[in-house]
Amino acid sequence: MFTLSEILKRNYKRLGSLLLVLLVFAINLTACANSKTSSSTGTESASLSELHFDTIMSISLYGSDKAALTEIINEAYDEVDRLESIFSAQLETSELYSINQGIAKGQTSFVISKELTEVIDYALKVNEKSNGALDITIGNLINLWGIGTDHEKLPTDDEIATALVGTGCEYLSLNKETNTLTVSSENVQLDLGAIAKGYAADLVKELILAKDSSVVGLLDFGGNIMTIGSKPDGSNWKVGITDPLDSTSVYGGVSVSDLCVVTSGNYERYFEKNGVRYHHILDAASGYPADKGIISSSIIGASSIECDALSTACYCLGVEDALALINSLDGVECVLIDNDGNYYTSDGIGDYNFTKAE
């Protein structure tokens, strides 16, 4: 368990975004508390924030029994703990960490868990759809930059080139029937930071609804916002999109029900050197932080793992290719913000009433 000071130290660059999310929660909670439906039915609420996957996660639920809601939230975080023990690249007791150690020692074949099979399989599919924009094999590159850690640095061109040798999803082969992963390059180090929280949000939502199908609420898994049903008064949730040029402000928002909104932005984790911001979303082609003109990529859809993966892929693609990708897919929409603060939306964004803040 982390102390408050440790949480603040580890997450100081994310507090602006967290405050924004808490503001959105507060607005929705106030609306629920003041609604006729809520007051007449005696809607109860429970919420809790914890540190998992190296980010602050929040769960807020609404229902008829506060004690039951609290119990569900605690069970939800138990599930998050279990998933972190599978997917974390930093946790030395995790399944993924053990696999990476084996790869570095020359091991090529691994029998893996069902959950890890599902996530890697999905990542490989998005890698193909995005022409390599989402790449889970660049753990060495991520570790080299160390962005968001106590060893972050600006690597040399030679160091970056070395870290990229032998990386790419073409070095992975997955047998879904036997849950077997084959890796053909010792320089591959798997990192699922762009997709694991999305998968976790999907499973946690399933767990919550299995416990009580009448519960509604909000999950915030490090910027991955999942809405469970509608607000207690039956209206849609209003989910804000952080202004990437001022992370303490709202750029705009969408109106959703039983959907998720996942955003990748250059304000989440970064360091600055000589007046240049180096953010954590790395371009697997160049080895540097992605610089294709997008500084915020928000994806709206029903599947959090899909939105999580696509938000990173779109960030690395640039506006034109990102819009083409999203418009080619069913059930997802996007809001992209460029370096100058201009926004671009996919064809069906009108379904979610995107509005830019004044």
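Table: residues versus (1) open to solvent by 70 Å² or more (accessible area, probe 1.4 Å); (2) of a type in the set (D, E, K, R); (3) in the same structural domain as ASP202 (by TED's automatic domain parsing); (4) outside any helix (DSSP H, G or I).
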site	(1), (2), (3), (4)
GLN107	yes, no, no, yes
VAL119	no, no, no, no
ALA123	no, no, no, no
ILE136	no, no, no, yes
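Among the residues of the stretch 182-214, those identified as open to solvent by 30 Å² or more (accessible area, probe 1.4 Å) and out of contact with any strand residue (DSSP E or B) (no Cβ under 9 Å at 6 or more places or on another chain) are GLU186, ASN187, GLY193, LEU203, GLU206, LEU207, ALA210, LYS211, SER213. Looking at the stretch 223-231, can you tell me whether even one residue there is surrounded by fewer than 22 Cβ atoms within 10 Å (Cβ to Cβ), assigned to a loop (DSSP other than H, G, I, E, B), in contact (Cβ under 8 Å) with a residue 24 or more places away in the chain and assigned by TED's automatic domain parsing to the domain that holds SER49? Yes - at least one qualifying residue is present in the stretch 223-231. With the condition kept exactly as written, say whether any residue in the stretch 56-69 is surrounded by fewer than 21 Cβ atoms within 10 Å (Cβ to Cβ), in a helix (DSSP H, G or I) and free of Cβ contacts under 8 Å to residues at least 12 places away in the same chain. Yes; the residues of the stretch 56-69 include at least one that is surrounded by fewer than 21 Cβ atoms within 10 Å (Cβ to Cβ), in a helix (DSSP H, G or I) and free of Cβ contacts under 8 Å to residues at least 12 places away in the same chain. SER311: polar (S, T, N, Q), touching a Lys or Arg at 6+ places or on another chain (Cβ under 9 Å), surrounded by 24 or more Cβ atoms within 10 Å (Cβ to Cβ) and within 20 Å of GLY193 (Cα to Cα), yes or no? So SER311 fails the test. You will find that of ASP351, ASP258, the residue that is within 21 Å of the chain's Cα centre (by Cα) and assigned by TED's automatic domain parsing to the domain that holds ASN224 is ASP258 and no other.
Do the conditions hold for ILE27, that is, is it open to solvent by 80 Å² or more (accessible area, probe 1.4 Å) and modelled with pLDDT under 95? So ILE27 passes the test. Only residues that are part of a helix (DSSP H, G or I), open to solvent by less than 50 Å² (accessible area, probe 1.4 Å) and touching a helix residue (DSSP H, G or I) at 6+ places or on another chain (Cβ under 7 Å) were counted across the stretch 141-159, and they come to 2.
The residue pairs whose first member lies in the stretch 80-109 and is free of Cβ contacts under 8 Å to residues at least 12 places away in the same chain and within 15 Å of ASP191 (Cβ to Cβ), whose second member is assigned to a loop (DSSP other than H, G, I, E, B) and among the small types (Gly, Ala, Ser), and whose beta carbons are closer than 7 Å, counting only pairs six or more residues apart or on different chains, are SER94/SER88; TYR97/SER88; TYR97/ALA89.
In the stretch 264-292, the residues that are crowded, with 20+ Cβ neighbours inside 10 Å reach residues that are among the charged types (D, E, K, R) and part of a loop (DSSP other than H, G, I, E, B) with C-beta atoms within less than 6 angstrom, at least six apart or across chains, in these pairs: HIS280/ARG269; ALA284/ASP135; ALA290/ASP283. All conditions but one from (1) in the same structural domain as LEU69 (by TED's automatic domain parsing); (2) on the phi > 0 side of the Ramachandran plot; (3) open to solvent by 30 Å² or more (accessible area, probe 1.4 Å) apply to ASN179; the one that does not is (1).
The values are calculated or read from the model by the stated rules, or taken from the named source; none is laboratory data. All of these numbers come straight from a predicted model, not from anything done at the bench. Heads up, the Cβs are rebuilt from the backbone with ideal geometry, glycines too, and the neighbour counts pull from every protein chain shown. Surface areas here come from the heavy atoms of the whole protein model, side chains and all, with no ligands, DNA or RNA. Shrake-Rupley method; radii C 1.70, N 1.55, O 1.52, S 1.80 Å.
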